[in-house]
Ligand SMILES: CC(C)(COP(=O)(O)OP(=O)(O)OC[C@H]1O[C@@H](n2cnc3c(N)ncnc32)[C@H](O)[C@@H]1OP(=O)(O)O)[C@@H](O)C(=O)NCCC(=O)NCCS
């Protein structure tokens, strides 16, 4: 059992726990959040949510073989969002969401920068990928502020919309992130 925590000026990124389900359901039950994510159905399904939460808790028991590592983000002791890395055995891909009441305060840029710093410090990966829907300016801004650059276009299934949506694939190298940190 690990107890990984990342602290920033305003936030704590920590391992998920079963009691998070209420805040997850509240925030992901918001169509404005769900519609920008690939794997979240709308309306939100509590039972599927509980099953996924159980899995992401278990994955932290053996981080080296986990298919995905998910941090939950706390602000003033309350869970407000999530940052995750999947495909950790290939090129890690970052994913994130923030409950709508917390948008527009720089919280996710702060969380993503800290999570990437953790990834580069604790693994040998040289690159992390990020994908956002073309229309998702807020998310593309988060990636750009953290040093990501666009490398191509793709399309992903949005469960909430029941359709494919065009998106932009971005990459961040260890070197580019380090250069941004020291600038
Ligand atoms: C993507 C998402 C996390 C972005 O959240 P966000 O709050 O816009 O992102 P940030 O944390 O970077 O905050 C940026 C805003 O905070 C403002 N801000 C206020 N105080 C700030 C501070 N102290 N520091 C930095 N920025 C601050 C910035 O000016 C910026 O607003 P602007 O873009 O209008 O200029 C959010 O829109 C979301 O969860 N959407 C739904 C799910 C989703 O899209 N996930 C990503 C899928 S790829």
Quick one: what pairs do we get from the range 118-136, first residue touching a residue at least 12 places away in the same chain (Cβ under 8 Å) and under 15 Å from residue 175 (Cα atoms), second in a loop (DSSP other than H, G, I, E, B) and away from the ligand (no atom under 11 Å from the Cβ), C-beta under 6 Å, 6+ apart or different chains? 125/92; 127/91; 128/92; 129/91
Looking only at the range 84-114, how many residues end up being in contact with a strand residue (DSSP E or B) (Cβ under 9 Å, 6 or more places away or on another chain) and under 17 Å from residue 59 (Cα atoms)? 9
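So that you can scan it fast, the table gives a plain yes or no per residue for (1) modelled with pLDDT under 95; (2) within 22 Å of residue 148 (Cβ to Cβ); (3) near the ligand (Cβ under 9 Å from one of its atoms); (4) under 12 Å from the mean Cα position of the chain (by Cα):
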{"residue": "66", "(1), (2), (3), (4)": "no, no, no, no"}
{"residue": "69", "(1), (2), (3), (4)": "no, yes, no, yes"}
{"residue": "81", "(1), (2), (3), (4)": "no, yes, yes, yes"}
{"residue": "111", "(1), (2), (3), (4)": "no, yes, yes, yes"}
Looking at 44, 31, can you tell me which residue is surrounded by 19 or more Cβ atoms within 10 Å (Cβ to Cβ) and modelled with pLDDT of 95 or more? 44
Take the range 162-183 and flag every residue that is farther than 25 Å from residue 120 by Cβ and surrounded by 16 or more Cβ atoms within 10 Å (Cβ to Cβ). 165
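The values are calculated or read from the model by the stated rules, or taken from the named source; none is laboratory data. Predicted, not measured: the structure shown is a model, and the values here were computed from it. As a convention, Cβ positions derive from the backbone with ideal geometry for all residues, glycine included, and neighbour counts pool all protein chains shown.
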